[in-house]
Amino acid sequence: MPETLCHEDAAQLAGPLENLRPMPQPSGVLMCPPDYFDVLEAQNPFMAGQLGKVDKDKAKSQWHEMKTILEKLGKSVHVMPAAPNLEDMVFCANQALPGLGADGQKIALMGRMKYPSRRRETPFVKSRLDQEGYRTLTLTKDICFEGTGDALWHSGKRLIWGGWGQRTRKEAYAEVAQVMGASVCLLEMPNPRFYHLDTCLAVLSREAALIHPPAFTEQGLKLLSAVFPALIEVDAGEAVGQMACNALAIDERWVIIQRGAVKTVRELKKLGFEIIETETSEFMKSGGSVFCMKLLLF
C-alpha cells in the first residue's frame with residue numbers, strides 16, 4: 001500500500017496494512033465546554049425540530065462526565081475556553097486534523113467549514129493548537145474540509161479515512177495526504193442523513209470498526225472490508241437513535257459510546273472491548289455525540 005496516495009477502491013491497495021509506517025496513539029484531547037451551546041440553525045438532519053430545545057444545565061453535566069471519563073482513562077484533557085455567539089464550538093472535532101508529520105513533528109491542518117457560523121470557530125482552535133506546539137496549516141484551495149469530522153486516522157498506522165460528498169470536498173484529500181505524509185482511503189458518502197464520516201464510521205483498532213452500511217457506496221464498503229477484518233454493522237435504529245458510530249475508541253481497548261446502543265454494545269463485547277456508556281442526549285439534538293466533543297491530540 002504506497003504512502004501519500006489517495007485510494008478509492010480495494011483494487012488500488014498495494015500490499016498489506018503492515019507495510020505502512022506506524023502512527024502513535026493520541027496522547028490527549030482538546031475539549032471546549034458548552035457554555036454557549038444551543039441549536040439555532042438546522043445544519044443537519046439531526047437538528048430538525050430541536051431549535052431552542054437544549055437543556056443547558058444537562059448539557060454541561062454531560063460534558064463534564066465525558067471529560068471525567070477521558071481523564072480516568074489516562075488521557076490528558078486540554079480545555080479551550082468557549083467563545084460567545086459560537087454555539088457549536090463544543091464540537092471541536094470539526095475544526096482541524098491534528099497528527100504527526102512524516103518527520104514526527106506535531107502538525108495540524110485547519111478546517112474550512114461549510115457554514116459561516118462555524119467558520120468563526122477556526123481562529124480560536126488554531127490559536128490553541130499553536131499554543132500546544134502544532135504547526136498549523138490551511139488548505140491552499142478554497143474548498144470545504146471539516147477536520148476530524150470527515151478525516152479519521154486509522155489506529156496505529158499512517159493512514160487516513162477520508163469521507164466526502166456531504167461536507168468535505170474530495171479534492172481536499174490530495175493535500176491532506178501530502179501534508180500528513182499519509183495514505184488516504186476515500187469514502188463517498190451519498191446519504192445526507194450521515195453528513196460527517198464520524199456519524200457512520202468509528203475506527204476501533206487496526207482490525208475493527210463500527211459502520212452503518214447504508215451511509216456508503218458499494219465501492220466504499222468493499223474498501224472498508226479490504227482493510228478491516230472485523231466490521232460491526234450498526235443498524236439504522238442505533239446509528240440514528242444513539243449515534244452509535246460516533247463512539248470513541250481509546251487505545252484499542254475501551255469504547256466510549258452513547259447509552260442505550262444495546263445491539264452495538266453486545267457486538268463490541270464479543271470482540272473484547274471494554275464499554276463505557278455515557279449520556280450525550282443534549283448534544284445529539286445538534287447531531288453530535290462522543291466523538292464530536294473532542295479533538296484528538298498527539
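Using the average count of surrounding beta-carbon atoms within 10 Å as a protection proxy, the listed peptides 108-121, 263-276, 173-186 rank, highest first, as 173-186, 108-121, 263-276. Taking every DSSP beta bridge that has both residues in region 164-249, what percent is antiparallel when rounded to the nearest 5? Antiparallel bridges make up about 40 percent of those DSSP assigns within region 164-249. Annotation: the antiparallel percentage among DSSP beta bridges lying fully within the chain is about 45. Just need log10 I(q)/I(0) for region 235-280 at q = 0.17, 0.26 Å⁻¹, Debye formula, equal scatterers on the alpha-carbon atoms, no solvent, rounded to two decimals. Computed log10 I(q)/I(0) values: -0.39, -0.91.
Suppose every Lys and Arg Cβ carries +1 and every Asp and Glu Cβ carries -1, with no other charges. What dipole size does region 6-297 come out with about its Cα centre, to the nearest 20 debye?
320 debye
The Stokes-Einstein estimate for region 53-132, based on a Kirkwood radius over Cα pairs and taken at 37 °C with 0.692 mPa s viscosity, is a diffusion coefficient of 229 µm²/s. Among ALA202, ALA215, ALA226, the largest mean-square fluctuation in a Gaussian network model of the chain (Cα springs under 10 Å) belongs to ALA226. The label point for TYR36 and the one for GLU274, both projected 7 Å from the Cα toward the Cβ, are 3.8 nm apart.
Just the C-alpha atoms of region 59-195: what Rg/Rh do they give, with Rh taken as the Kirkwood radius?
0.96
Listed options for volume of the Cα convex hull per residue in Å³ are (1) 110; (2) 283; (3) 330. The value calculated from this structure is the one marked (1).
Values quoted throughout were computed directly from the atomic coordinates according to the rules given, and no laboratory measurement underlies them. A quick note: this is a predicted structure, and the numbers were derived from the prediction, not measured. Every residue, glycine among them, receives a Cβ derived from its backbone with ideal geometry; neighbour counts consider all protein chains shown.
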